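For reference, the structure is listed below as structure tokens.
The values are calculated or read from the model by the stated rules, or taken from the named source; none is laboratory data. The structure displayed is predicted, hence computed values, not measured ones. Quick reminder, even Gly has a Cβ in these numbers, built from the backbone with ideal geometry, and neighbours come from all protein chains shown. What goes into the accessible areas is simple: the full protein's heavy atoms, side chains included, and nothing from ligands, DNA or RNA. Shrake-Rupley method; radii C 1.70, N 1.55, O 1.52, S 1.80 Å.
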Amino acid sequence: MNALIVGCGKVGTELARTLVNDGHNVSVVDTNEKTLASVSEAIDIFPVPGNGADINTLRDAGIDTADIFIAVSPSDELNLLACLVAGSVSERLKTIARVRNPLYSKETDFLKSKLGLSKIINPELAAAAEIYKLLQFPALSRIDTFAEERAAIFTMSVTAGQSIEGKSLQEIGSETDYNILVCAVERNGEVTIPSGSFVLNDGDEISVVASMSQMKMFLQTLGLRSESAKSCLITGGGTIAYYLTDMLLKSRRQVRLIEINEGRCGMLSEAFPEAEIIHGDGTDKSFLLKQGLKYVDAFVPLTGIDEENIISATYAKNVSEAKVITKINRTDLNDVMDELHIDSAVFPKLICADSIAQYVRAQSMGLGGHVETLYRYLDNRLEILELIANDDPELTDIPLMELGSRLKDNVLIACIIRGDSFIIPSGKNVIRKGDSVIVVTTHSGISSLHEILA
């Protein structure tokens, strides 16, 4: 497919890299020629300097032959205008706008309808939703869902003394009745899609597929926290904090939010009278202690400075038992977060790029694309996809024991969702037309179930 991106910031760059890696032709428009040149040296894109809402600039970038148009500049208004201009060129063109302002986010359906947008993406809202999910399951470092939340893939650390430590996956399966599957393991920086003989060690980071109910039971058996965080201390009153506070209050959680800007404190107090909004420096350690850091269930630093968030999160891990989740803007800090052993880090720009990449993959298959959900794990070295099975005689109604030898290396069929049934497949199971199939793989760019065959 031919993709045209307006905006060459961190999101635009990450998205361009993702789409190029998936085999698409990508043009990027931005007013900053220096930034464009830098990105084009690292990624095989067609750089076009100029205003993304100018029709002549867009024509220079190939709008007439583009299949998908994505506006992710820093300005919501420019993104919406650019999509409107681009959509006037071709009715078949799919247009996506990044919109971050909470005011606009309440009008998503109206904007899509009136401006003819195919999709609106809000990285801050998505990041807040990600943090909210993690607060429901504090023992996990990451959780994602499939098939309208009937199934989940979650990540957790194996620690010494746990009942699964030192045992093979086959042993764990034979000793329990849980319908779960360990689908990936990260050990010493290496990612493995394990077989049944794989033995779990202290320090392994495992990714597990399960139904939501089975996941909760599994965590309880390991003695891990399965109840949601009831009280939350947030530092930084930006857009993500706004969305997160709204979600927490609606679920009757206690929220204490520290913001250094007095004017912003006033706005937040008016918006959320049920929350405790505190004017102060959320990076001051003694101030955090006075605000109850040692006693809250969760601590979420969300300031606009990554380094401040990391320092606060590290301090909180040392002085409290709180679940610590932070937001990081710079994607190159992913490895640093692993070394610091902070519970969870959320990267809004990666969430945004993955969401758009999922949509593009579905569109690349034509009408009714087969990619329902796409997640990238372990520094983009692993992909977990929800793919819809069509009537493919090479795949459907064939026992998986027969199909296995024809799969690509490093491809695992992790589960099959058929109506209300959640199936961790054995060799006797088959894939049927219409099934949601969860596939775990180290390959990138898979857009249909047929592509898992060698």
When residues of the range 17-54 are limited to those that are under 19 Å from Arg98 (Cα atoms) and more than 29 Å from the chain's Cα centre (by Cα), the one least open to solvent (accessible area, probe 1.4 Å): Gly50
The range 44-79 - residue that is among the charged types (D, E, K, R), assigned to a helix (DSSP H, G or I) and out of contact with any strand residue (DSSP E or B) (no Cβ under 6 Å at 6 or more places or on another chain) and, of those, nearest to Val360 (Cα to Cα): Asp64
Residue satisfying condition, being of a type in the set (A, V, I, L, M) and within 30 Å of Tyr295 (Cα to Cα), within set Ile172, Ile180, Ile206: Ile206
Members of the range 239-266 found to be over 17 Å from Leu125 (Cβ atoms) and surrounded by fewer than 16 Cβ atoms within 10 Å (Cβ to Cβ), listed by number: Arg252, Asn261, Glu262, Gly263, Gly266
Single residue of Val185, Val208 found to be modelled with pLDDT of 90 or more, of a type in the set (Val, Ile, Thr) and within 18 Å of Asp409 (Cβ to Cβ): Val185
Scan of the range 398-428 for residues that are open to solvent by 80 Å² or more (accessible area, probe 1.4 Å) and closer than 24 Å to Thr18 by Cβ, ordered by number: Asp409, Asn410
Filter result for the condition that a residue is buried (at least 20 other Cβ atoms within 10 Å of the Cβ), more than 26 Å from Asn380 (Cβ to Cβ), touching a residue at least 24 places away in the same chain (Cβ under 8 Å) and in contact with a Leu (Cβ under 7 Å, 6 or more places away or on another chain), over Ile63, Ile70, Ile5: Ile63
Residue satisfying condition, being in contact with a Cys (Cβ under 7 Å, 6 or more places away or on another chain) and within 26 Å of Lys10 (Cα to Cα), within set Val300, Val296: Val300
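Test Glu274 against the stated conditions and say whether it is modelled with pLDDT under 95 and open to solvent by 50 Å² or more (accessible area, probe 1.4 Å).
No.
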Qualifying residue in the range 301-309 (condition: at pLDDT 95 or above and either open to solvent by 70 Å² or more (accessible area, probe 1.4 Å) or in a helix (DSSP H, G or I) (or both)): no
Arg264, sole failed condition from (1) touching a helix residue (DSSP H, G or I) at 6+ places or on another chain (Cβ under 8 Å); (2) farther than 28 Å from Thr145 by Cα; (3) charged (D, E, K, R): (1)
Residue within the range 381-397 that is over 14 Å from Thr145 (Cα atoms), outside any loop (DSSP other than H, G, I, E, B) and either open to solvent by 20 Å² or more (accessible area, probe 1.4 Å) or among the polar types (S, T, N, Q) (or both) present: yes
Which listed residue is at pLDDT 95 or above, in contact with a Pro (Cβ under 8 Å, 6 or more places away or on another chain), under 22 Å from Tyr359 (Cβ atoms) and not in a loop (DSSP other than H, G, I, E, B), from Val29, Val11: Val29
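Quick one: which residue in Leu111, Leu103, Leu81, Leu117 is hydrophobic (A, V, I, L, M, F, W, C), open to solvent by less than 80 Å² (accessible area, probe 1.4 Å) and out of contact with any Ser or Thr (no Cβ under 7 Å at 6 or more places or on another chain)?
Being hydrophobic (A, V, I, L, M, F, W, C), open to solvent by less than 80 Å² (accessible area, probe 1.4 Å) and out of contact with any Ser or Thr (no Cβ under 7 Å at 6 or more places or on another chain) holds for just one of Leu111, Leu103, Leu81, Leu117, which is Leu111.
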Number of the exception - Ser163 against (1) open to solvent by 20 Å² or more (accessible area, probe 1.4 Å); (2) under 30 Å from Val191 (Cβ atoms); (3) within 26 Å of the chain's Cα centre (by Cα): (3)
Residue check, Ala16 in contact with a helix residue (DSSP H, G or I) (Cβ under 8 Å, 6 or more places away or on another chain), hydrophobic (A, V, I, L, M, F, W, C) and over 25 Å from Leu382 (Cβ atoms): no
Residue selected from the range 322-334 under the condition of a type in the set (D, E, K, R) and at pLDDT 90 or above, by the criterion farthest from Lys10 (Cα to Cα): Lys323
Subset of the range 10-58 (residues that are hydrophobic (A, V, I, L, M, F, W, C) and more than 18 Å from Ser75 (Cα to Cα)): Ala16, Leu19, Val20, Val26, Ala37, Val39, Ala42, Ile43, Ile45, Phe46, Val48
Selection count where residues are in a loop (DSSP other than H, G, I, E, B), in contact with a strand residue (DSSP E or B) (Cβ under 8 Å, 6 or more places away or on another chain) and of a type outside the set (Lys, Arg), scope the range 109-152: 10
Residues (assigned to a helix (DSSP H, G or I), farther than 12 Å from Ile424 by Cβ, of a type outside the set (Ser, Thr, Tyr) and open to solvent by 40 Å² or more (accessible area, probe 1.4 Å)) located in the range 168-211: Gln170, Glu171, Glu175
Unique match (being part of a loop (DSSP other than H, G, I, E, B), open to solvent by less than 30 Å² (accessible area, probe 1.4 Å) and either out of contact with any Lys or Arg (no Cβ under 6 Å at 6 or more places or on another chain) or more than 25 Å from Gly173 (Cα to Cα) (or both)) among Ile446, Ile438: Ile446
Total residues in the range 106-125, condition within 16 Å of Thr245 (Cβ to Cβ) and in contact (Cβ under 8 Å) with a residue 40 or more places away in the chain: 2
